[in-house]
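Starting off with a structure, shown below.
The values are calculated or read from the model by the stated rules, or taken from the named source; none is laboratory data. Since this is a predicted model, take the numbers as computed values, not measurements. Glycine gets a Cβ as well: all are built from the backbone with ideal geometry, and neighbour counts include every protein chain shown. Ligands, DNA and RNA are excluded from the accessible area calculation, which covers all protein heavy atoms including side chains. Shrake-Rupley method; radii C 1.70, N 1.55, O 1.52, S 1.80 Å.
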Amino acid sequence: MPVPWFLLSLALGRSPVVLSLERLVGPQDATHCSPGLSCHLWDSDILCLPGDIMPAPGPVLAPTHLQTELVLRCHKEADCDLCVRVAVHLAVHGHWEEPEDEEKFGGAADPGVEEPRNASLQAQVVLSFQAYPTARCVLLEVQVPAALVQFGQSVGSVVYDCFEAALGSEVRIWSYTQPRYEKELNLTQQLPALPWLNVSADGDNVHLVLNVSEEQHFGLSLYWNQVQGPPKPRWHKNLTGPQIITLNHTDLVPCLCIQVWPLEPDSVRTNICPFREDPRAHRNLWRAARLRLLTLQSWLLDAPCSLPAEAALCWRAPGGDPCQPLVPPLSWENVTVDKVLEFPLLKGHPNLCVQVNSWEKLQLQECLWADSLGPLKDDVLLLETRGPQDNRSLCALEPSGCTSLPSKASTRAARLGEYLLQDLQSGQCLQLWDDDLGALWACPMDKYIHKRWALVWLACLLFAAALSLILLLKKDHAKEWLRLLKQDVRSGAAARSRAALLLYSADDSGFERLVGALASALCQLPLRVAVDLWSRRELSAQGPVAWFHAQRRQTLQEGGVVVLLFSPGAVALCSEWLQDGVSAPGAHGPHDAFRASLSCVLPDFLQGRAPGSYVGACFDRLLHPDAVPALFRTVPVFTLPSQLPDFLGALQQPRAARSGRLQERAEQVSRALQPALDSYFHPPGTPAPGRGVGPGAGDGT
């Protein structure tokens with residue numbers, strides 16, 4: 001559909017040079033050429049088939065330069081289409097071949113041969129035009145008179161009117177002769193776009209803003225523009241009125257283009273490719289690129305867009321070392337997207353990888369043969385270089401470089417150089433590549449590693465035998481040393497490995513001192529004891545509930561034990577929790593973790609998870625075990641210090657110290673605890689604290 005003149009004015013700008021475009025009247029294509037040349041346009045389009053390059057039989061006309069100009073093809077005074085005029089400049093290439101008779105005998109050539117040299121030259125020039133979704137090819141016949149035929153000189157140009165194109169579209173033009181004697185010329189041009197299609201960025205997203213009227217119906221299409229082959233559609237939708245289309249930044253690639261057109265018959269389609277220079281689009285392109293192995297030797301590069309790249313083989317050894325390019329002896333090869341490429345390999349190997357570089361920067365690396373041949377092998381790659389007179393040299397590829405064989409260097413390949421050369425001569429190495437200039441061999445190293453480990457194990461066995469002999473010679477001393485070692489492992493090591501969390505109710509300051517003495521005595525076993533007395537700073541920062549939950553979870557995860565130290569105040573708090581489900585307000589200190597812990601301790605007892613993880617304890621003359629609520633007596637409750645051996649046995653891991661050793665440790669704890677007990681029950685000049693406080697208190701006798 002023709003575009004109104006005011007829209008063309010908006011798109012082309014207000015420059016007088018631009019607005020004074022030449023106007024062509026009528027829908028017919030036409031051609032004209034330079035003075036002295038004759039040209040003719042075929043009536044219909046032809047198939048776009050360039051064909052292969054052929055050797056020129058003599059002087060031929062060849063396109064040397066393409067030149068474009070924007071013109072207007074107008075159907076009415078105010079309705080015009082944008083059109084691309086193409087001028088093809090031609091020159092004479094090639095030369096006449098000398099006849100064999102004249103070259104051999106130096107005689108004069110046959111006069112009949114001179115006639116073609118004085119004849120005019122004719123050529124069929126093809127113009128190929130592509131602007132998504134349109135593609136056309138036209139044929140121009142050109143004739144040059146003999147007087148203008150001068151080798152290597154320009155003879156003029158032929159002009160074609162014209163290829164219609166949409167505003168904002170990208171046009172690509174090729175020119176070549178038929179048959180084709182030289183590589184085709186090509187030219188790419190971006191036409192001006194309409195102002196109602198804009199692209200804006202918003203953080204990681206991209207907005208396509210279409211400012212059209214509310215009644216306007218239009219189509220929107222996203223596609224990948226391909227240098228070779230047809231475009232690949234990605235998304236299409238019919239819309240109405242102003243729209244803002246949001247694209248994620250991960251969807252951007254350099255060849256992503258946008259096409260917009262009114263939903264009317266023969267409407268003009270506007271194309272724009274705004275992401276060609278976008279760094280995010282180029283990063284996404286390489287993230288989407290993949291190497292795909294087709295056969296042993298052939299592979300291809302899959303990518304949404306064409307890209308400049310070159311590839312080479314590299315060797316990747318296990319252990320995390322960088323992949324080392326095999327250039328030389330191999331060379332870098334230019335890569336074309338979706339085109340099958342081949343490397344001259346004889347065999348595949350899992351350590352062979354393909355590196356793809358773009359602008360001398362590594363963009364992609366994949367070990368294509370690892371999927372079918374297994375993981376990386378501990379093989380050494382030998383590079384064989386062949387010189388004149390059957391001279392050859394070998395080197396082993398290592399992270400530090402290529403080590404010549406044989407060599408006195410300190411590298412692994414140099415130390416095993418003689419064995420590697422023997423394996424190569426005996427045919428135990430796998431040949432991967434062979435050429436007149438050299439070869440590549442992969443030699444296994446597993447057997448040499450196994451031999452080295454066998455020597456290490458043999459040395460260990462000899463050392464163990466010598467140590468056993470020494471121990472036998474000093475049998476009595478050895479037996480005593482082993483007995484003491486075994487006893488320490490069974491007793492001290494078992495206790496050291498268990499944590500204990502001590503919970504109590506802070507009835508008064510005297511009881512807190514008694515709890516501190518018990519905790520210090522238990523640490524001398526040693527046990528890893530946690531008690532809130534020693535963590536007041538963390539308790540204030542975290543709060544009693546959070547601190548206890550963290551300590552309880554850590555203790556139980558490590559296989560430790562939670563000790564509930566009952567006192568009259570603790571029994572009262574437990575009774576209140578069991579009756580009302582909450583703790584009654586009372587005179588509790590700000591660091592009383594026992595009251596905060598009941599919300600987490602009670603579920604363990606109610607659900608039967610307490611046995612094995614909890615024990616109870618109370619002090620003689622302060623509380624009778626029967627005063628402890630029945631729910632908490634589902635775990636052992638010990639009186640201290642009268643039942644210290646049993647209490648310490650419950651705190652230790654299974655298979656801990658024997659009863660004799662346990663009794664010794666109980667006496668040690670009792671001695672450390674006794675001064676604190678005497679101070680609590682018989683303070684000088686005051687009655688014993690704690691008597692008659694709470695249910696079940698002792699009588700003090």
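From zero outward in steps of 10 Å, how is the percent of C-alpha pairs of the range 294-445 spread across the bins?
10, 39, 34, 14, 3, 0
May I ask you to compute the full-extension gain from Ser120 to Lys232, defined as 0.36 nm times their residue separation minus their alpha-carbon distance, rounded to one decimal in nm?
35.8 nm
Suppose we look only past 17 Å in the calculated P(r) of the range 327-370. What percent of the Cα-Cα pairs does that tail hold?
38
Considering amide H positions built from the backbone, and no H for Pro or chain starts, which residues 5 or more places from Ala91, or on another chain, come under 5 Å of its amide H?
Correct list: Ala62, Thr64, Val155.
Same structure, new question: Would you please give the FRET efficiency between Leu346 and Gln153, computed as 1/(1 + (r/R0)^6) with r the Cβ-Cβ distance and R0 = 41 Å, to the nearest 0.05?
Efficiency at R0 = 41 Å is approximately 0.20.
Tell me, what is the per residue accessible area of the range 197-281 in Å², probe radius 1.4 Å?
51
Can you tell me what percent of all Cα-Cα pairs in the range 197-281 are more than 21 Å apart?
Taking all Cα-Cα pairs of the range 197-281, the fraction more than 21 Å apart is 29 percent.
Taking 25 Å as R0, compute the FRET efficiency from the Cβ-Cβ separation of Lys408 and Arg386 and round it to 0.05.
0.55
Provide the net charge surrounding Thr336, with neighbours chosen by a C-beta distance below 13 Å and charges set as Lys +1, Arg +1, Asp -1, Glu -1.
That works out to -4.
Students often get this wrong: which residues of the range 162-195 have the backbone nitrogen under 20 Å from the point 7 angstrom along Cα-to-C-beta of Ala30?
162-165
Given a Förster distance of 56 Å, report the FRET efficiency between Asp446 and Leu472 from their Cβ-Cβ distance, rounded to the nearest 0.05. Walk me through the numbers on the way to the answer.
On the way: r = 39 Å, r/R0 = 0.70.
My answer for the efficiency is 0.90.
Once fully extended, how much extra length lies between Asp52 and Glu214, figured as 0.36 nm per residue of separation less the alpha-carbon to alpha-carbon distance?
Extending this stretch completely gives an extra 53.1 nm.
What distance in nm lies between label points placed 7 Å from Cα along the C-beta direction at Leu461 and Trp332?
About 5.5 nm, to one decimal.
Given the protein chains as shown and a 1.4 Å probe, how many square angstrom of Phe151 are accessible, to the nearest 10?
110
Explain nothing, just the number: dipole magnitude of the range 294-445 about its Cα centre with +1 on each Lys and Arg Cβ and -1 on each Asp and Glu Cβ, in debye rounded to the nearest 20.
400
Right, next: Longer than 26 Å from Cα to Cα, which of Lys339/Lys361; Lys183/Lys361; Lys232/Lys339; Lys347/Lys377 are they? Say none if no pair is.
Cα-Cα > 26 Å for Lys183/Lys361; rest within.
Could you go through the range 545-558 in sequence order and give the Karplus-derived ³J(HN,Hα) for each residue, using 6.51 cos²θ - 1.76 cosθ + 1.60 with θ = phi - 60°, rounded to whole Hz, and x for Gly and Pro?
Using θ = phi - 60°, the values come out as 5, 5, 5, 5, 4, 5, 5, 5, 4, 5, 5, 6, 5, 8 Hz.
Further, regarding this structure: What is the distance, in nm, between label points placed 7 Å from the Cα along the Cα-to-Cβ direction at Ser372 and at Thr250?
According to this spin-label approximation, the distance is 3.1 nm.
Regarding the range 212-363, what are the three Cα extents along the principal axes, ordered largest first, in Å?
Extents along the principal axes: 66, 28, 22 Å.
Still on this model: Provide the gained length on full extension for the span Leu437 to Thr240, in nm with one decimal, where the gain is 0.36 nm per separating residue minus the Cα-Cα distance.
64.2 nm
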